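Undergrad: My questions all concern the structure below.
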Amino acid sequence: MTVNPSRKHLVLLGAGRANLQVLKGLARQTTGDISITLVAPHPYYIESTMLPGYIAGDYTLEDVRIPLDSLVEASGATFVPAHVHALDPATRRVQLSSGDALPYDVLSIDVEPAIEREHAETLMPGSRRNALFVRPLENFVQLWPQLQALSHERALQVAVIGSGVAGAEMAMAVAHALASPHGTRVTLIAGHEPLLEDHPPGMRRRVLNRLKHLNITLLQDRCAGMDGRALQLESGASLVCDAPLLAQGNGAPAWLEQAGLLDDESGHLLINERLQSEHHRQVFVVPEDAPAEIGPVLEANLRTAMQGGSFKKVPLDASRLRAISGGDGHAIVAWGPLSLEGREVWNWKDRRDRRQLLSLFKI
């Protein structure tokens, strides 16, 4: 792989929303003194907020998975289909699964939250062999139709392992999608902490009621292992399970930690208000829970890092508006202490999600 040494080299690791917003901005205002490379395992973007709708049958795969080629071409970037094996901020190089060592002047990391197989296997022996991992999303959307097909042959016992919104949305979508024709049952194993305890009480109450409406069993327990026939729980109980879905990510990929970009004790990113690494100022990292609209500010800061100027503070405050898909054209939304639910709420969420996705790829 060759890089023009006369131009600054911007490398974007991951096809996350913020990095794609950067590409879009560069496509609108190209500059000849910047060389751009996008590294991602697959040439697609999958909208995670619409994934439960795909599982529930409200969207086709083409609705939620968009090819990257038009955006890459418009921005003048080079696309490298590869996984990251290692990052060395000291020498400013990224080691790729292709065998290439990719140099950079400025690096933007916006990767999909990881479910590390080795870590999951340590916590839940047997998961590497028996669990259906929701991430990476590209792999999951290829495997999901197989589980659907199996549910049309016989009733299944499905367990969704995951806390928070991700676990609840996945359980509700799966329960709706697999209920017919044989009555597949879904159990949500959500950990020891009360489900959605950090959400407004009204929203939490509505989600719990929705789980009951869909006949989903909620267990405040943790999975301690699996053998292909049953799950072993920390409480000592055993749960018969045909298909365990692991929806709970465990944070950043191992190479990010090995690069020294995380706090050793908390595992949190060591970044400032500009999204810069505290120790390597040419590295920018997008947090997993970053708001959807930070891309333009990230783009401005990346340009500043390469060309000079003033940095901008990135708005990382979470929106007070929260929306959760409930399966079967149903959604729940909360604004502060106020909450609503139903089909009209789903229709609003559907319009919003489609509009945001369209805007992301419209040059």
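Undergrad: Dipole size in debye (nearest 20) for region 299-363 around its Cα centre, Lys and Arg Cβ +1, Asp and Glu Cβ -1?
TA: 300
Undergrad: To continue, here is another question. Amide H to amide H, which residues 5 or more places from G342 or on other chains are under 5 Å from it, using H placed in the peptide plane?
TA: A331
Undergrad: With +1 on each Lys and Arg Cβ and -1 on each Asp and Glu Cβ, how big is the dipole of the chain about its Cα centre, in debye rounded to the nearest 20?
TA: Dipole of the chain, to the nearest 20 debye: 840 debye.
Undergrad: Here's a follow-up. Work through the residues other than Q146 whose Cβ is under 13 Å from its Cβ and net out their charges, Lys, Arg +1 and Asp, Glu -1.
TA: For residues surrounding Q146, the net value is -2.
Undergrad: Considering amide H positions built from the backbone, and no H for Pro or chain starts, which residues 5 or more places from L156, or on another chain, come under 5 Å of its amide H?
TA: For L156, whose amide H was placed from the backbone, the distant partners under 5 Å are T184, R185.
Undergrad: Can you compute 3J(HN,Hα) from phi for each residue in region 216-226, using the Karplus curve 6.51 cos²θ - 1.76 cosθ + 1.60 with θ = phi - 60°, rounded to whole Hz and x for Gly and Pro?
TA: Coupling constants for region 216-226: 8, 7, 9, 10, 8, 8, 10, 7, 10, x, 7 Hz.
Undergrad: Using a 1.4 Å probe over the heavy atoms of the protein chains, calculate the carbon and sulfur portion of the accessible area of region 295-363 as a whole percent.
TA: For region 295-363, the apolar C and S fraction of the accessible surface comes to 54 percent.
Undergrad: Please give the per residue accessible area of the chain, computed with a probe of 1.4 Å over protein heavy atoms only, in Å².
TA: 47
Undergrad: Springs between alpha-carbon atoms under 10 Å, Gaussian network over the chain: tell me which of Q21, Q282, Q146 tops the mean-square fluctuations.
TA: Between Q21, Q282, Q146, it is Q146 that shows the largest mean-square fluctuation.
Undergrad: Between D33, D242, D58, which gets the highest mean-square fluctuation from a Gaussian network model of the chain, Cα cutoff 10 Å?
TA: It is D33.
Undergrad: Using C-alpha positions alone, give me the convex hull volume of region 243-299 per residue in cubic angstrom.
TA: So the per-residue hull volume is 118 Å³.
Undergrad: Where a Cα-Cα gap under 25 Å defines reach, which lysines qualify for K212, not counting those fewer than 8 residues away within the same chain?
TA: Filter leaves K349.
Undergrad: About its Cα centre, what dipole magnitude does region 200-309 give when the only charges are +1 on Lys and Arg Cβ and -1 on Asp and Glu Cβ, stated in debye to the nearest 20?
TA: Dipole of region 200-309, to the nearest 20 debye: 640 debye.
Undergrad: Residue farthest toward the positive end of the dipole of region 73-194, with Cβ of Lys/Arg at +1 and Asp/Glu at -1: which of S108, T78, A155?
TA: The listed residue farthest towards the positive side: A155.
Undergrad: A further question on this structure: What share of the DSSP beta bridges in region 1-95 is antiparallel, in percent to the nearest 5? Kindly include the intermediate steps, with their values, before the conclusion.
TA: Values: 6 of 16 bridges.
That works out to approximately 40 percent antiparallel.
Undergrad: Helix-derived [θ] at 222 nm for the chain: sum -39500 (n - 2.57) over DSSP H runs of at least 4, divide by residue count, nearest 500?
TA: Dividing the helical sum by the residues of the chain leaves -9500 deg cm²/dmol.
Undergrad: Mind pulling the angle between the C-alpha long axis of helix 343-361 and the longest principal axis of the chain? Nearest 10 degrees, somewhere in 0 to 90.
TA: The helix 343-361 is inclined about 20 degrees to the chain.
Undergrad: Let me ask you something else. If amide H atoms are built 1.01 Å from N in the plane of the peptide, which residues on other chains or at least 5 residues away come under 5 Å of the amide H of G16?
TA: The list, which skips near neighbours in sequence, is D110.
Undergrad: With angles folded into 0 to 90 degrees, how steeply does helix 295-307 sit against the dominant principal axis of the chain? Use alpha carbons for both and round to 10.
TA: 30
Undergrad: Further question: Percent of accessible area on region 1-140 owned by carbon and sulfur, 1.4 Å probe? Show your work: numbers first, answer last.
TA: Working: 2850 of 6050 Å².
Ligands and nucleic acids excluded, carbon and sulfur reach 47 percent.
Undergrad: A further question follows. With angles folded into 0 to 90 degrees, how steeply does helix 201-213 sit against the dominant principal axis of the chain? Use alpha carbons for both and round to 10.
TA: Once rounded, the angle reads 50 degrees.
Undergrad: Would you mind getting the Kirkwood hydrodynamic radius of region 136-238 from its Cα pairs, rounded to one decimal in Å?
TA: Value: 14.5 Å, from the Cα pair sum.
Undergrad: Which of the following values of Cα extents along the principal axes in Å was calculated from the structure shown: [x] 63, 43, 37; [y] 68, 52, 36; [z] 64, 58, 33?
TA: Entry [x].
Undergrad: Given the options L338, L269, L12, state which has the largest fluctuation in a GNM of the chain using a 10 Å cut-off (strictly under) for Cα springs.
TA: Result for the chain, Cα springs under 10 Å: L338 fluctuates most.
Undergrad: Kindly write out, for region 281-294 in residue order, the coupling ³J(HN,Hα) from the Karplus curve 6.51 cos²θ - 1.76 cosθ + 1.60 (θ = phi - 60°), rounded to whole Hz, with x marking Gly and Pro.
TA: 6, 8, 10, 10, 10, 8, x, 4, 9, 5, x, 5, 9, 7
Undergrad: Inverting the mean 1/r over all pairs of different Cα atoms, compute the Kirkwood radius of region 283-355 and quote it in Å.
TA: When all Cα pairs of region 283-355 are included, the Kirkwood radius is 14.6 Å.
Undergrad: Report ³J(HN,Hα) in whole Hz for each residue of region 117-127, in order, from the Karplus equation J = 6.51 cos²θ - 1.76 cosθ + 1.60 where θ = phi - 60°; Gly and Pro get x.
TA: Per-residue couplings from phi come out as 4, 5, 5, 4, 5, 5, 6, 9, x, x, 5 Hz.
The values are calculated or read from the model by the stated rules, or taken from the named source; none is laboratory data. As the structure is a prediction and not an experimental result, all values here were calculated from the model. Positions of Cβ are generated from backbone atoms using ideal geometry, with glycine treated the same way; all protein chains shown enter the neighbour counts. Just the protein is used for accessible areas: all its heavy atoms, side chains included, with ligands, DNA and RNA removed. Shrake-Rupley method; radii C 1.70, N 1.55, O 1.52, S 1.80 Å.
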